[in-house]
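**Student:** Dropping a structure here in structure tokens format, bear with me for questions.
The values are calculated or read from the model by the stated rules, or taken from the named source; none is laboratory data. The shown structure was predicted, so the numbers you read here are calculated from the model rather than taken from an experiment. Every residue, glycine among them, receives a Cβ derived from its backbone with ideal geometry; neighbour counts consider all protein chains shown. Just the protein is used for accessible areas: all its heavy atoms, side chains included, with ligands, DNA and RNA removed. Shrake-Rupley method; radii C 1.70, N 1.55, O 1.52, S 1.80 Å.
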Amino acid sequence: MQKGQIVKALSGFYYVESHGKIFQCRARGKFRKNDQKPLVGDYCEFSIENNNEGYILTLLDRKNELVRPPICNIDQALLVFSAKEPDMNTLLLDRFLILIEHLNIQPIICISKIDLIDFSEIQSVMQPYIEAGYQVYYFSSKEKKGLNDIQKVFKNKITVITGQSGVGKSSLLNALDIHLNINTNQISKALGRGKHTTRHVELLKMYDGYVADTPGFSSLELSMEPVELAQAYHDFYTLSASCKFRGCLHDSEPSCAIKQAVKDNIITKERYEHYLMFLKEVKEQKERRYG
């Protein structure tokens with residue numbers, strides 16, 4: 001029995017890397033019986049029965065898991081958003097940050113297509129996120145700008161690259177590594193958005209780490225409790241220690257550190273308003289679930 005990590009899942013086969021070799025495996029029937037499915041990123045125990053083919057026997061504990069895309073044991077997420085075509089969408093960015101941080105995954109914001117806009121404009125938009133403690137990188141795949149800085153973040157990490165459709169996720173991967181040759185599509189001018197081009201989940205070896213080329217999030221539903229939402233942003237969570245009430249939702253409660261931070265311009269009014277929108281959404285979901 002050997003130990004390895006699943007780096008690719010395709011058509012019922014799982015490709016497991018162990019000591020620099022790739023083994024094609026199937027999952028034993030017991031996984032279906034236990035309603036458990038191996039995911040890309042899983043560490044596992046497996047047996048080889050015929051040359052480089054075998055069976056996955058046991059899955060080791062996961063530290064986190066995404067449902068869509070189906071991947072686990074992620075260290076960080078590159079959230080790719082374009083400065084233009086499609087336009088920068090901070091409401092969507094804040095939603096992605098909530099989802100990623102709730103799963104205890106480190107978010108890294110990457111702004112693409114900086115060649116299409118006055119750079120000072122996008123810097124101004126992103127400054128509040130830098131002040132909130134987020135890592136922000138700017139790049140242009142077309143002009144090969146900013147790529148050297150992004151290369152450094154992959155070392156010894158499993159990284160998911162995701163974001164809005166059409167922002168250039170695959171173009172970024174291709175620009176970072178010309179050998180990948182991942183299929184890309186042009187933005188649909190009529191729709192104003194791109195088409196999904198990636199058909200399966202796979203970990204790609206890159207810069208002494210692994211990168212997950214994924215189809216992106218097919219669901220952005222905030223499936224969490226209101227108190228979990230209130231603590232999802234790392235800066236909200238830190239400041240909430242000073243709130244008067246434990247479990248403060250930063251809405252109507254008095255002596256709320258988050259509301260005070262908004263007044264003091266530590267947290268922008270826009271980010272806080274986005275948070276209140278998400279809070280309303282999560283509360284409504286909870287009411288529907290429990291009547």
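**Student:** Condition check: farther than 30 Å from Asn265 by Cα and hydroxyl-bearing (Ser, Thr, Tyr). Does Ser112 satisfy that? Don't jump to the end; show me each part of the working.
**Tutor:** Working: farther than 30 Å from Asn265 by Cα: no; hydroxyl-bearing (Ser, Thr, Tyr): yes.
Judged against the criteria, Ser112 is not a match.
**Student:** So, of the residues in the range 106-135 that are under 24 Å from Asp177 (Cα atoms) and buried (at least 19 other Cβ atoms within 10 Å of the Cβ), which turns out to be nearest to the chain's Cα centre (by Cα)?
**Tutor:** Step one: list which residues in the range 106-135 are under 24 Å from Asp177 (Cα atoms), which gives 106-116, 135.
Of the ones still in play, those that are also buried (at least 19 other Cβ atoms within 10 Å of the Cβ) are 107-114.
Working: Pro107: 7, Ile108: 9, Ile109: 10, Cys110: 11, Ile111: 14, Ser112: 16, Lys113: 19, Ile114: 21 Å.
By that ranking, first place goes to Pro107.
**Student:** Could you check, for the range 48-59, whether at least one of its residues is within 23 Å of Asn156 (Cβ to Cβ) and either in a strand (DSSP E or B) or touching a residue at least 40 places away in the same chain (Cβ under 8 Å) (or both)? Break it down into steps so the answer makes sense when it comes.
**Tutor:** Quick first cut of the range 48-59, residues within 23 Å of Asn156 (Cβ to Cβ) only: 59.
Add one more test, that the residue is either in a strand (DSSP E or B) or touching a residue at least 40 places away in the same chain (Cβ under 8 Å) (or both), and what stays is 59.
Yes, the range 48-59 contains a residue that is within 23 Å of Asn156 (Cβ to Cβ) and either in a strand (DSSP E or B) or touching a residue at least 40 places away in the same chain (Cβ under 8 Å) (or both).
**Student:** Within the range 206-291, considering only helices (runs of 4 or more DSSP H) that don't extend past its boundaries, which have at least 2 residues that are modelled with pLDDT under 90 and of a type outside the set (Lys, Arg)? Please lay out each step first, then the result.
**Tutor:** Working: elements: 226-230, 234-239, 257-263, 269-290.
By residue number, 269-290.
**Student:** Of all residues in the range 26-60, count the ones that are within 16 Å of Leu203 (Cα to Cα) and either out of contact with any helix residue (DSSP H, G or I) (no Cβ under 7 Å at 6 or more places or on another chain) or small (Gly, Ala, Ser) (or both). Lay out the reasoning, then the answer.
**Tutor:** Restricting attention to the range 26-60, the residues satisfying the condition of being within 16 Å of Leu203 (Cα to Cα) are 38-44.
If we keep only those that are either out of contact with any helix residue (DSSP H, G or I) (no Cβ under 7 Å at 6 or more places or on another chain) or small (Gly, Ala, Ser) (or both) too, we end up with 39-44.
Going through the range 26-60 one residue at a time, the tally reaches 6.
**Student:** Inspect all residues belonging to the range 3-19 and state whether any of them is under 22 Å from the mean Cα position of the chain (by Cα), without any contact (Cβ under 8 Å) to a residue 60 or more places away in the chain, closer than 21 Å to Ile74 by Cβ and open to solvent by 90 Å² or more (accessible area, probe 1.4 Å).
**Tutor:** Scanning the range 3-19, I find no residue that is under 22 Å from the mean Cα position of the chain (by Cα), without any contact (Cβ under 8 Å) to a residue 60 or more places away in the chain, closer than 21 Å to Ile74 by Cβ and open to solvent by 90 Å² or more (accessible area, probe 1.4 Å), so the answer is no.
**Student:** Do you know which of the residues in the range 61-89 that are under 22 Å from Lys3 (Cα atoms) and charged (D, E, K, R) is most open to solvent (accessible area, probe 1.4 Å)? Even if it seems obvious, please write down each step before you answer.
**Tutor:** So the first thing to find is which residues in the range 61-89 are under 22 Å from Lys3 (Cα atoms), and the list is 61-65, 70-75.
Retained after the next criterion (residues that are charged (D, E, K, R)): 61-63, 65, 75.
Numbers: Asp61: 145, Arg62: 75, Lys63: 127, Glu65: 83, Asp75: 42 Å².
Checking each candidate, the answer is Asp61.
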